[in-house]
Amino acid sequence: MKHKAQLIMLIVVISLITYNVLAQQIQRFPKPEFESGYQTPLTQVSKIQPVFFEYLDMFVLVGCMALMTWLVLKKRSRKAVFWLTVFSLLYFGFYREGCICPVGSVQNISMAIFNPGYVVPLTAIVFFIVPIIFTLFFGRTFCAGVCPLGAIQDLFAVRPVSLKPWIRYVLGLIPVIYLGLAVLFSATGTDFIVCRYDPFISFFRINGSSLMFFLGAALLLTGIFIARPYCRFFCPYGVILNFISRFSRKHVSITPSTCINCKLCENACPYDAIDKPEGLSVKNDNRELVKKLIIYCLITPALVVVTGWTASKYHEDFAEVNFKVRLAHELTTTGTDANPADIPTEVTTFRSSGQPLEALRKEVDKIIHRFNIGSWIVGGFLGLIIGLTLARLTIYRYKDDYQPNRGNCLSCARCVDYCPVGKEINNEMQIVELKKYD
Amino acid sequence: MDNSRKIKRREFINKGVRLGIGVGLGALAIDLSTRSAEGKTIWQIDPSKCVQCDKCSTDCVLDTSAVKCIHVTDMCGYCDLCSGYLRTGTKNLNTAAENRQCPTGAIVRKFVEEPFFEYTIVEELCNGCAKCVKSCGAFGNGSLQLQIQQNLCVNCNQCSIARVCPGQAISRVDRSTPYLLKGFGGKS
């Protein structure tokens, strides 16, 4: 009996080696009929995590957002904001392992808009929209500490240095490019680059590639001096919130009532997001500024065309990220007579599957065409942002007090503690003051 | 006078933009929620597209891949000379370590009755390299199949194995079908 089975096996092996069939799940050996009463064990697969957690995530997000908004705008307590930041980091970061986060949900949404066949998870919609709605009414309270990526960096911002404005403006263009590329790649169904290059996910999971771990560690260490580098100079979701926050109904203010220009808060913000009062001296140069504004307004359309054209030059390189485009490329470069060891698995798989090459080519042409249009839009968008940033610099707005910059302010409420207005003076301090003037 | 008018104008613009963004968001939310899935979709491998390339063991974000070999016991032939367990073309027909397919020794063999043996996968040791899956599919019944173990998978927004999978076998599936094991003839 045993030898018979061996013999059958050998025959099958030999016949299969000669034909090299890729076939699967063929009943070559019938299921034995056991005489010893042996029972076949059940196939072991583990259960899927209950959907309950997804609802819990949404619930906790809305709860955190509401609480954070209240703490920042009404309670005005940095201490409370700090503890909520810690909670959010522990829950969304370490417990739920940082996925899904609103930063990445941008890609789900853009993929859903441009690919009608894609089923977008309800969680992604909620995670994308809830922070935006809160920002629309109350400013970027999401960034304050609900975002796990922001929260982990916020705890590292201990010795912040102030950056020169031109550095901030130049580095501030990176998120725009990043957002553009993230939307381009997800809209074409190619890749989710924001998730792939999420620098802190390996911390949250205490697992993952060493490259991303070191990148994350480098960002956190940089964050000691340049506070929240990812939020300010990389985050694509921040671009959206930055824009929307400018039109928010309410926003955190440094002072609870009226600013007395005491300058105590001048260095309070680790993110250089406090706008200083602008003197009237700037207004005297108004003619000069208007001239500049006109020039910038005129060159912006030209800039849009130039950057759009430049980006479109690279659309084929962008398209190479797409699996199908890469496959078609490899199919044409590897000949059928190539050394089997040099042929990529993708090519072998495609050739053995018997799918027509023409259909793939047609599909790839369509994808490349989409990349062409997309890179025009992304490039043009970047040019528009550069033009508007330049134009914005020339517009003068009279301001006689210290205010957080509506776009850049992350609503962390650090500055609130610096404002002396409306605070009860400490008893001991009062005594000291009195003695001094005695 | 001039100043207060300016502020009013700015407030008016802000209000208008806010309304515009709000309406836009609402429309987007309604449009998307009509074709949304309850909770996240999950990742799974379609065994009929799987080419056993070994990328599952190297490209998962987890140190040890969430992709495991699943033994569909009902399809197993209980062979003594199991091609998933033993390497082909070995000198001596015995179960010494150098003759086994699995690089981590994750397949346990147990004698049932003459001439049948039961095979079990130790999940902690399996790294999803698909060596056993490949030879079981080629020479045996194909009862060993790669699947993403849903309790291990962290359900990344974008599966990093799916991105490089040569057969594009990994896709988002509905929660109601967490496993896509195949029966004979490739039917699930």
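The values are calculated or read from the model by the stated rules, or taken from the named source; none is laboratory data. Please read all numbers here as calculations on a predicted model, not as lab measurements. Every residue, glycine as well, gets a Cβ built from its backbone with ideal geometry; the counts of neighbours run over all protein chains shown.
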Query - So B:Ile30, is it hydrophobic (A, V, I, L, M, F, W, C), more than 17 Å from A:Ile240 (Cβ to Cβ), buried (at least 22 other Cβ atoms within 10 Å of the Cβ) and more than 9 Å from chain A (Cβ to nearest Cβ) - result: no
Report summary line: Of the residues in the stretch B:37-75 that are closer than 25 Å to B:Gly140 by Cβ and of a type in the set (Asp, Glu), the one that is farthest from the other protein chains (Cβ to nearest Cβ) is B:Asp46
Requested in this report: Answer yes or no as to whether A:Thr389 is within 24 Å of the chain's Cα centre (by Cα), surrounded by fewer than 17 Cβ atoms within 10 Å (Cβ to Cβ) and assigned to a helix (DSSP H, G or I).
Outcome: yes
Requested in this report: Could you please find all residues in the stretch B:134-156 being over 26 Å from A:Thr348 (Cβ atoms) and in contact with a Ser or Thr (Cβ under 8 Å, 6 or more places away or on another chain)?
Outcome: B:Gln149, B:Gln150, B:Asn151, B:Leu152
Query raised in the report: Looking at (1) touching a residue at least 24 places away in the same chain (Cβ under 8 Å); (2) surrounded by 15 or more Cβ atoms within 10 Å (Cβ to Cβ), which is the only condition A:Val305 fails?
Result: (2)
**Report entry** Segments classed as strands (runs of 3 or more DSSP E), wholly inside the stretch B:82-182, with at least 3 members that are facing chain A (nearest Cβ under 9 Å)
**Finding:** B:116-121
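Of all the helices (runs of 4 or more DSSP H) wholly in the stretch A:112-211, which have at least 1 residues that are in contact with a strand residue (DSSP E or B) (Cβ under 8 Å, 6 or more places away or on another chain)?
So the answer is A:122-138.
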Requested in this report: Determine which member of the set B:Val122, B:Val108, B:Val154 is surrounded by fewer than 21 Cβ atoms within 10 Å (Cβ to Cβ), within 26 Å of A:Glu54 (Cα to Cα) and either modelled with pLDDT of 90 or more or in contact with a Leu (Cβ under 9 Å, 6 or more places away or on another chain) (or both).
Outcome: B:Val154
Query raised in the report: Is it fair to say A:Ser375 is surrounded by 11 or more Cβ atoms within 10 Å (Cβ to Cβ), at pLDDT below 85 and small (Gly, Ala, Ser)?
Result: no
Requested in this report: Sort through A:Val45, A:Val119, A:Val60 and tell me the only one that's in contact with a Ser or Thr (Cβ under 9 Å, 6 or more places away or on another chain), within 30 Å of A:Ser353 (Cβ to Cβ) and either free of Cβ contacts under 8 Å to residues at least 60 places away in the same chain or not β-branched (Val, Ile, Thr) (or both).
Outcome: A:Val119
Query raised in the report: Does any residue in the stretch A:192-216 that is under 26 Å from A:Ala319 (Cβ atoms) and within 9 Å of chain B (Cβ to nearest Cβ) come within less than 8 Å, Cβ to Cβ, of a residue that is at pLDDT 95 or above and surrounded by fewer than 16 Cβ atoms within 10 Å (Cβ to Cβ) six or more places away or on a different chain, and which pairs are these?
Result: none
Report task. For the stretch A:409-429, indicate whether the set of residues that are within 14 Å of chain B (Cβ to nearest Cβ) and either in contact (Cβ under 8 Å) with a residue 12 or more places away in the chain or surrounded by 14 or more Cβ atoms within 10 Å (Cβ to Cβ) (or both) is non-empty. Result -> no
Report task. For the stretch A:58-96, enumerate the residues that are crowded, with 21+ Cβ neighbours inside 10 Å and over 16 Å from A:Ser411 (Cα atoms). Result -> A:Leu61, A:Leu89, A:Phe92, A:Gly93
**Report entry** The one condition in (1) surrounded by 17 or more Cβ atoms within 10 Å (Cβ to Cβ); (2) farther than 24 Å from A:Ile26 by Cβ that B:Cys69 fails to fulfil
**Finding:** (2)
